[in-house]
Amino acid sequence: MVNRRTFTLKLALAIAAAAMTAAATAAAAQTAAGGRTAAGARPRRAVIVFGGSGQLGSEIVRALLGAGHDVTVFIRPSSSRERIAGLPVTLVEGDVTVEADVERALKARRYDVVVDALGRSGADVGFFAISGPHIARWAAATGVRQIVLHSSVGVGASREAYPAELLPRMERLFAAKQVGEEAVIASGVTYTIIRNAVLRDPPEGTSEHARLVHDEKVYGTVSRRGLARLTLGCVDEPDCADKIFHAIDDTLPVFR
Ligand SMILES: NC(=O)c1ccc[n+]([C@@H]2O[C@H](COP(=O)([O-])OP(=O)(O)OC[C@H]3O[C@@H](n4cnc5c(N)ncnc54)[C@H](OP(=O)(O)O)[C@@H]3O)[C@@H](O)[C@H]2O)c1
């Protein structure tokens, strides 16, 4: 009886040790492959999308879900749910301009990735100088591993790429977005900033050819669907770590 119990205990320990070895091997393979599992797939991540009910944000939500990620949408109580209706997402209600709402959302659970796809929805352009720092501060404080921020060509060093004649009426917007970018960069969280100059959405079913360029002088057009695919591609991607990209689709006309 004693022997059988000892054998059962040894067997249980052996199984546990084998499981731990397998987990350690998988973890090592994941690190070696730059965020991928041994099978080459990307691991499932907990992602919160600010602006996830918007035109760009909802495309990003769909792309993330399609890749198997666990998606939460930060949404105002008054926001339309139409674009994300029926999708298997968790909703966290709040207003990004209220810091306590952002703190509560990011403390509610542990997120691996934060995506900022916010638009100001008619608010003053100063919106971006408030939303960016709120998100950056609480992402850093809660151990988020990556922030993907959608920003605009015209901000920072990309000012030179923006049509000079249009700059005067964009000055305040770009200044506010720069505050948001700087907060994300200074947060200490791995960041990926994806700027767009002109957004145009070709009809559903039309193929898109969006690509990221690591050149702040590039100005072009891109679709929200393309931006969503590029966002997904940057989740956990070492080549996107601490980088500022411009997104363009060479098959779309360039508007100025
Ligand atoms: N270059 C271009 O041609 C161009 C054109 C348009 C946009 N953009 C940029 O592209 C990005 C996204 O644009 P979009 O067209 O997808 O925007 P959008 O459809 O207007 O979506 C904006 C999202 O932000 C949310 N939001 C706004 N204020 C909020 C608040 N206080 N708290 C929480 N959520 C809030 C909105 O929710 P509600 O529904 O509650 O407002 C909505 O989900 C922005 O960075 C925008 O500046 C560029």
Among 203-214, 154-165, 178-189, the order from most to least packed when residues are scored by Cβ within 10 Å on average: 178-189, 154-165, 203-214
Set of aspartates and glutamates with alpha-carbon distance to Lys107 below 19 Å, sequence-local pairs under 8 removed: Asp70, Glu93, Asp95, Glu99, Asp116
Charge dipole magnitude, Cβ of K and R +1, D and E -1 - segment 110-225, Cα centre, debye nearest 20: 180
Rel. contact order, % - alpha carbon contacts under 8 angstrom, at least six apart, segment 149-255: 32
Convex hull per residue volume in Å³, alpha carbons only, for segment 84-197: 111
Protection-proxy order for peptides 67-73, 117-123, 99-105, each taking the mean of Cβ atoms within 10 Å per residue, highest first: 67-73, 99-105, 117-123
Residue order, fewest to most surrounding Cβ atoms within 10 angstrom, among Lys243, Lys177, Lys217: Lys217, Lys243, Lys177
At R0 = 30 Å, FRET efficiency that the Cβ-Cβ distance of Leu167 and Arg110 yields, to 0.05: 0.15
Computed Rg/Rh of segment 42-249, alpha carbon atoms with Kirkwood Rh: 0.93
Fewest-first ranking of Arg172, Arg225, using other Cβ atoms within 10 Å as the exposure measure: Arg172, Arg225
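In nm, what is the difference between 0.36 nm times the number of residues separating Arg159 and Val98 and their Cα-Cα distance?
Values: separation 61, 0.36 × 61 = 21.96 nm, distance 2.95 nm.
Stretched fully, the Arg159-Val98 segment lengthens by 19.0 nm.
Read-outs throughout are calculated quantities, based only on the coordinates presented, and are distinct from any laboratory measurement. What you see is a predicted model, and the numbers here were worked out from it, not measured in a lab. Don't worry about glycine lacking a Cβ; one is built from the backbone with ideal geometry, like all the others, and counts go over all protein chains shown.
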